[in-house]
Amino acid sequence: MTLLITVFAAVSVTAFWYCRKNDEMQLLTLCFLYWGASIMWFVDAVFEYIGDGAAFFSPALEDMLNDTYLGLSVVALGLVIWIVKLLITDPKGSVRMALKKD
Amino acid sequence: MACFLVPAAEAVVVKTVEKMVKKSEAEAVLSTDNNEEKEIKIPLSRKLNWLSHMLIGGVILLLFEHIWHGEVVPWFPFLTAMSSPDGTAAMLLEMSTAGVCMAVLVTVVWAVMCFAADSIVSRKNSKATAKGAEE
């Protein structure tokens with residue numbers, strides 16, 4: 001479930017990045033963040049499948065809920081990392097302008 | 001257990017190489033006058049930046065997952081698997097199998113991505129040249 005949620009997040013962010021004409025929002029960073037994690041969890045899933053066999057595809061409800069919660073938390077953490085990086089690098093100069101005004 | 005440590009080590013190496021390549025590219029730009037041909041190619045430092053972002057991003061999110069599952073703790077020895085010799089052996093086995101596979105797969109995906117990006121850029125360049133020749 002964590003892998004699925006991260007893959008959906010990666011695909012959505014990549015589509016958003018493709019629609020934009022420039023990368024002022026630094027969406028590429030978020031793309032790489034989610035794709036990197038997705039690839040690593042995919043490998044984890046393959047090893048789990050090798051170990052558990054077909055049981056891998058029928059997890060217990062409690063495990064699925066926990067994995068969903070983890071997946072959503074991971075997506076949230078990725079977004080937090082991205083927004084912090086965006087505000088620090090400040091490519092549009094909005095933060096600097098706001099601070100100068102005050 | 002600690003599979004993310006292998007891609008983390010690769011990320012450190014890649015980031016170091018990226019900084020060195022970026023420095024040498026900046027020096028090369030300063031020393032040459034005609035940069036027209038170089039500008040239409042994707043610099044190696046930029047490609048390495050993609051790989052380091054993928055590795056660092058994946059490692060951070062995997063570290064979070066390991067903390068979630070109680071495999072990484074904020075006190076010594078930081079990895080719960082290291083509290084017993086059997087656990088340490090299992091951890092090393094996982095690092096040498098899953099960890100290495102993670103690092104290899106991310107690198108392979110990055111290599112394919114670089115190849116695709118290069119072919120897209122060269123396709124656009126050749127289209128622009130053909131259009132210019134027609135005009």
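The values are calculated or read from the model by the stated rules, or taken from the named source; none is laboratory data. Because the structure is predicted, anything quoted here is derived from the model rather than measured. Positions of Cβ are backbone-derived with ideal geometry, glycine not excepted, and every protein chain shown enters the neighbour counts. The protein model used for the area step is the full one, side chains on, heavy atoms only, and it has no ligands, DNA or RNA in it. Shrake-Rupley method; radii C 1.70, N 1.55, O 1.52, S 1.80 Å.
Against the longest principal axis of chain B, how steep is helix B:44-68, in degrees 0 to 90 to the nearest 10, with axes from Cα atoms?
20
At a 1.4 Å probe radius, carbon and sulfur cover how many percent of the accessible area of the stretch A:2-97? Write out the running numbers ahead of the final one.
Working: 4160 of 5850 Å².
Ligands and nucleic acids excluded, carbon and sulfur give 71 percent.
How much accessible area is lost when chains A and B come together, counting both sides, with a 1.4 Å probe, in Å² rounded to the nearest 100? Present the calculation step by step, with values, prior to reporting the outcome.
Details: alone 7670 and 9480 Å², together 15050 Å².
Result for this pair: about 2100 Å² buried.
What number comes out for the charge environment of A:ALA55, summing +1 per Lys or Arg and -1 per Asp or Glu over other residues with Cβ under 12 Å away? List each step's numbers first, then the result.
Details: positive: none; negative: A:GLU48, A:ASP52, A:ASP63.
Every neighbour counted, the sum reads -3.
Which is farthest toward the positive dipole end of chain B among B:HIS66, B:PHE115, B:MET91, measuring Cα position about the Cα centre, with Cβ charges +1 (Lys, Arg) and -1 (Asp, Glu)?
Result: B:PHE115, furthest along the dipole toward the positive end.
Per-residue ellipticity at 222 nm for chain B, helices alone: DSSP H runs ≥ 4 residues times -39500 (n - 2.57), over residue total, nearest 500 deg cm²/dmol?
Numbers: 5 runs with 101 residues, N = 135.
Here the helix-only value at 222 nm equals -26000 deg cm²/dmol.
Give me the percent relative contact order of the stretch A:1-56, please, defined on Cα pairs under 8 angstrom at least 6 residues apart. Could you put the intermediate results ahead of the total?
Values: 30 pairs, mean separation 21.1, N = 56.
About 38 percent, as a whole number.
From zero outward in steps of 10 Å, how is the percent of C-alpha pairs of the stretch A:2-97 spread across the bins?
Final binned percentages: 15, 38, 27, 14, 5, 1.
Over the stretch B:1-121, give the accessible area per residue in Å² for a 1.4 Å probe, as an integer.
Working: 7040 Å² over 121 residues.
That works out to 58 Å² per residue.
Return one number: the angle in degrees, 0 to 90 and rounded to the nearest 10, between the long axis of the Cα atoms of helix B:85-94 and the longest principal axis of the Cα atoms of chain B.
Orientation of helix B:85-94: about 20 degrees from the principal axis.
Taking every residue in B:46-59, how many Cβ atoms of other protein chains lie within 10 Å of its Cβ, on average? Could you put the intermediate results ahead of the total?
On the way: counts 0, 0, 0, 3, 5, 2, 2, 8, 10, 4, 5, 14, 11, 3.
The shielding value for this peptide is 5.
Beyond 28 Å between alpha-carbons counts as too far, so tell me which of A:LYS21/B:LYS41; A:LYS100/B:LYS41; B:LYS19/B:LYS131; A:LYS85/B:LYS23; A:LYS92/B:LYS23 fall in that bin. Write out the running numbers ahead of the final one.
Values: A:LYS21/B:LYS41 20 Å; A:LYS100/B:LYS41 38 Å; B:LYS19/B:LYS131 37 Å; A:LYS85/B:LYS23 23 Å; A:LYS92/B:LYS23 26 Å.
Long pairs (Cα-Cα over 28 Å): A:LYS100/B:LYS41; B:LYS19/B:LYS131.
Mind checking A:71-82 for the average number of partner chain beta-carbons within 10 Å of each residue's beta-carbon? Walk me through the numbers before you get to the answer.
Working: counts 1, 0, 4, 6, 1, 0, 5, 4, 0, 0, 4, 1.
Across A:71-82, the average partner-chain Cβ count within 10 Å equals 2.
Compute the helix-to-body angle for B:100-134: its Cα long axis versus the longest principal axis of chain B, expressed 0 to 90° and rounded to tens.
Once rounded, the angle reads 10 degrees.
Which value at 222 nm does chain A reach when only helices count, each DSSP H run of 4 or more adding -39,500 (n - 2.57), with the total divided by all residues and rounded to the nearest 500 deg cm²/dmol? Please report the intermediate quantities before stating the final value.
Numbers: 4 runs with 81 residues, N = 102.
For chain A, the value works out to -27500 deg cm²/dmol.
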